[in-house]
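Down below is the structure, laid out as structure tokens.
The values are calculated or read from the model by the stated rules, or taken from the named source; none is laboratory data. Note that the structure is predicted; figures quoted are calculated from it, not measured. Positions of Cβ are backbone-derived with ideal geometry, glycine not excepted, and every protein chain shown enters the neighbour counts.
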Amino acid sequence: MEKLSAGAKKLGLSLSLSQLEQFSIYYQELVDWNQRLNLTRLTGYEEVQIKHFLDSLTVSLAWPPPKTNPSFRVIDVGTGAGMPGLPLKILFPDIRLVLLEATAKKAAFLHHLKDRLGLNNVEIVVGRAEEVAHQAEYRENFDMVLSRGVAPLVTLVELTLPFCLVGGNFIAQKKGNIESEIGQASHVVSLLGSKLRETIRVNLEEFTDERQLVIIDKVSRTPETYPRRSGIPAKRPLM
């Protein structure tokens, strides 16, 4: 995990030997299960370290979680193979993490991986965000909501902000020029009880493409109407 360790240091992070071993296990299990499931198109040892693991850890640029708060709750919406949630859980083991994934087979991988990594306080939920966000135990119940490359921002905020408690934050990982995405989503962000705080550019030589973190603060409760029923946020975005 040399590439990951070196990149993490540039983020001001120091990964312990045990954490690096967890990432090594993560890689081995990802490649093994990928032969049976379509978890990722990236399987090379170095590219997984950089484009999956290090990319996940860049969220720390926007989010230094309180290390003394064991009740800090995080949800990763549309987690897929567990990113960025699980790499951040390895980095910050005290957070309480929920991984939301709509595909049962991918969720089976996440259950297996959680056990192999020896992680506590990790819950895997199988379901669509449009439905789970209306369940009382998950709605507006998280300090931090994360999502990585799931959908255009105008759709993504409808799927994620209902999970965020007032005073909490949503961080979206985005690539390329996102000015138009932010412009299209600005009305929806306000409608759902939030406001855009800032965007942070990820300036690491390991990434040749333009990567940014979009940070949105939750300032008031989301109307019960949202998110709309399954599939509608993507088909008919709230422009």
Mind checking which pairs have a first residue in segment 1-24 that is closer than 16 Å to residue 47 by Cα and in contact (Cβ under 8 Å) with a residue 24 or more places away in the chain and a second that is part of a helix (DSSP H, G or I) and of a type in the set (Asp, Glu), Cβ under 7 Å, 6 or more apart or different chains? 3/46
Does residue 123 meet the test of being out of contact with any helix residue (DSSP H, G or I) (no Cβ under 8 Å at 6 or more places or on another chain), over 30 Å from residue 7 (Cβ atoms) and not hydroxyl-bearing (Ser, Thr, Tyr)? no
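Would you be able to say whether some residue in segment 209-228 is farther than 22 Å from residue 72 by Cα and among the hydrophobic types (A, V, I, L, M, F, W, C)?
No; the residues of segment 209-228 include none that is farther than 22 Å from residue 72 by Cα and among the hydrophobic types (A, V, I, L, M, F, W, C).
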Leading residue by the ranking (surrounded by the most Cβ atoms within 10 Å (Cβ to Cβ)) among those in segment 160-206 that are free of Cβ contacts under 8 Å to residues at least 24 places away in the same chain and within 29 Å of residue 135 (Cα to Cα): 196
When only residues in segment 17-41 that are surrounded by fewer than 16 Cβ atoms within 10 Å (Cβ to Cβ) and under 17 Å from residue 114 (Cβ atoms) count, which is modelled with the lowest pLDDT? 37
Taking the condition farther than 24 Å from residue 107 by Cβ, modelled with pLDDT under 95 and assigned to a helix (DSSP H, G or I), does residue 60 pass? yes
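Over 28 Å from residue 210 (Cα atoms), among the small types (Gly, Ala, Ser) and out of contact with any strand residue (DSSP E or B) (no Cβ under 8 Å at 6 or more places or on another chain): which single residue out of 18, 71, 24 fits that description?
Exactly one residue qualifies, and that residue is 18.
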Every residue from segment 118-130 that is farther than 30 Å from residue 236 by Cα and crowded, with 19+ Cβ neighbours inside 10 Å: 122
